[in-house]
1. Would you be able to say whether some residue in the range 89-96 is under 26 Å from Glu166 (Cβ atoms), among the acidic types (Asp, Glu), in contact (Cβ under 8 Å) with a residue 12 or more places away in the chain and surrounded by 13 or more Cβ atoms within 10 Å (Cβ to Cβ)?
2. Since Leu94 meets every condition but one in (1) at pLDDT below 85; (2) not in a strand (DSSP E or B), which condition does it not meet?
3. In the range 225-273, what residues are outside any helix (DSSP H, G or I), buried (at least 18 other Cβ atoms within 10 Å of the Cβ) and not β-branched (Val, Ile, Thr)?
4. Could you list all residues from the range 288-321 that are under 47 Å from the mean Cα position of the chain (by Cα), assigned to a loop (DSSP other than H, G, I, E, B) and touching a residue at least 40 places away in the same chain (Cβ under 8 Å)?
5. Output the residue which, of all residues in the range 569-592 that are modelled with pLDDT of 85 or more and touching a Lys or Arg at 6+ places or on another chain (Cβ under 6 Å), is farthest from Gly616 (Cα to Cα).
6. With respect to Glu620, determine if the residue is farther than 30 Å from Ser428 by Cβ, at pLDDT 85 or above and either of a type outside the set (Phe, Trp, Tyr) or in contact with an Asp or Glu (Cβ under 6 Å, 6 or more places away or on another chain) (or both).
7. Those residues that are in contact (Cβ under 8 Å) with a residue 40 or more places away in the chain and either among the aromatic types (Phe, Trp, Tyr) or part of a loop (DSSP other than H, G, I, E, B) (or both), I need them from the range 521-562; list them, please.
8. Collect the residues in the range 617-634 that are assigned to a loop (DSSP other than H, G, I, E, B) and over 20 Å from Pro651 (Cα atoms), keeping them in residue-number order.
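The values are calculated or read from the model by the stated rules, or taken from the named source; none is laboratory data. Since this is a predicted model, take the numbers as computed values, not measurements. Every residue, glycine among them, receives a Cβ derived from its backbone with ideal geometry; neighbour counts consider all protein chains shown.
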Amino acid sequence: MKNLVLILLMVLSVPVWADDEAVLLQAGDNLQLSLPGESDFDAPFQLDQSGRIYLPEIGPVLLQGKTLSQAKQALNLALSMAYRDLADFDVRLLERQLLVSVLGYVRDPGEKSLPADANVQTAINRSGGLVAGAQLNRLQLRRNEEVIEFDYKAYLDKGEPSLLPELQSGDIVFVPVSPLLGNVQIDFDAQTLSEAGDAADRAEALTLFGEVRQPGTFSFKPGMGVVDALMRAEGVTRYGDVTRIRVITRGQPTLFDLKAYLDNGDESAVPAIGPGSMIYVPTHIEVVSKGVRTMYVMGEVQAPGAYEASDNINFIDILANAGGPTRFAETKQIRLIRANGEVLQIDLQAYTENTNTQPLPEMLPGDVILVPEKTDMNEKSWLKIPSSRAVKIIGAVRTPGRYEWDNAMSFLDLLAHAGGPEQHADLSRIEILHEDERGGKSLFNLDKFINQGGEYAGLPQMRAGDTVVVNELPWDPSDNKSSWIRQSAESSIYVFGQVGAPGRYAFTEQLGFLDILSAADGPNPNADLSAIRINHRNSASAQTQVIDLALYFETGDETMLPVLKPGDSIYIPARDRAWLERPAEQVVRLMGSVHKPGRYEFNDSMTVLDLLAEAGGPKESALIERIIVVQHSCCDPQAKVFDLQKFVSNPSYDRVPVLRPGDTVYVPDQSQSNWRQFMNGVKDALSIVTLAVLGAAI
């Protein structure tokens, strides 16, 4: 009763669409799938960002851009694989919704379901609102490859909906952070923001860069001078050359000597600045000392610079004097550059873990220690990792790409780094392409390694420069024709003849003969299961094997099933064509007065009685007491007579002649017996006498 009320409420709440064919489904739409008796379909289904819904026991079905009638056909086809009774299946559009992602400076970023008439403000409210520090005048709407920038602050000031772009399913609304926050997120109040000003517009702001403590773009206020601007950037660093500060205002460059101004206080020497001015403080090169014992530390260290070293200083001393590596440092690839141009690679991490037996190099005057930045795996700038220390993994893995390689890693480390294989990955034939002197490629059966427990020494030996290709399996065995391009012939089995879906199927060592036959929808009713042929193509010479599958189903003997390998083919003949496909020495001929004369498959376990039964038995006019068996199978041909009538009266299997493939059985008709011929002669004689008598009477 409760389910009935629920169904009635859903039906009453469903809107009536004027023209179903004019409604194209999109991401976010809610559908009601009606399938009586199936509780899994009570809740609505929503199209995701890819325009798909996920059906119980079926999986994803793409409905993006389809009308309701087209969607019903696609769903009916998908459901028919798991559900039989689909006569009452129906699809209704419950509600049109937008599926929009809101990212950036909001309290609850993520994917949001919105009403069909929602705007940007609705999307932001659903995301918990903006975070303090969001840059309102440069919000972005990303749609596919297009980026639309709009002023959300102007909308809040004026309230005009036309200032906001219209939303579509799949859009991404991105809220950037104000440049006033720099690289550190801080909490501040509205008064602080008002005093600092919004310096997003460079044409109305001051830009300070170079040797200042806080470079960036700052709001300009009337009455500001160069000194005020420098104080806004928290002053100059100890490396700044204050005698050659460059100021550009309205396209006119001016050189300003801050030291001279501080010495004499001459206001006329101070250049005027305004909105859009740029101030650059260059580096004072004399600050960097250079002596006979100077060494340099650059890159990701706490305090890069030049250091005067004593005679007994070592690599660790110099690195510690520079504050040590930062958390962004790549300590496995530190470079030591000699004054003569020689470059040494230092793996500091291996040294600290006591896995590197090589001592740290001796430091010499003029040496440069370069600590590179750690590569961000989410960054697509693959140029940061040269090919000499990178490997590539492509295909059916969760995160294909280019990864840094170390000889301490194994193949499993690389696969885990790429997120592991996808569900449809073919783990039995992973290809590894070698770039170095080994060349060529090797194959690795990860599936066997996992299931049977392989030795780690058996993992493929990889080096930097190699490429790993993880191939895909077909998405659906019944859709084998669409998978030919992805599927290599070396990993395929061919199925022909009387099966539900003949074709080319992917094959792994875990699949046996019955698995492949099941993937081809099994034999059809016309199949001759006793003469299935297997052609093995993986050996030097062609080999053909005949399988009696009917006998297997009777005995259950697993040894009767063939062992298949990639490249083999399976052929299942039809019953009524066996005589065309078998040579004469493998069949028995049956002729004469039987219901179905012809050539029949035969084996040593059958008798003449089995053959007659297969042919539908003798006809009523058959002369069953003189059945002739002509034996060709051995020695010279010889004929034997079998009295079926006497056998039926007094069964004795000793009288049943031995029958072998290649023999011929003939069942004569009664019209060919001597008594019948005699009676026919008597009838002819009586006819002649009668005619003679009638002629004389006339």
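1. Yes - at least one qualifying residue is present in the range 89-96.
2. (2)
3. Once the filter is applied, which keeps residues that are outside any helix (DSSP H, G or I), buried (at least 18 other Cβ atoms within 10 Å of the Cβ) and not β-branched (Val, Ile, Thr), the range 225-273 yields Ala233, Gly240, Asp241, Phe256, Pro271.
4. Matches in the range 288-321: Glu300 only.
5. The extreme case among them is Tyr571.
6. Yes, satisfied.
7. Answer for the range 521-562, where residues must be in contact (Cβ under 8 Å) with a residue 40 or more places away in the chain and either among the aromatic types (Phe, Trp, Tyr) or part of a loop (DSSP other than H, G, I, E, B) (or both): Asp521, Asn526, Asp528, Leu561, Pro562.
8. Lys619, Glu620, Ser621, His632, Ser633, Cys634
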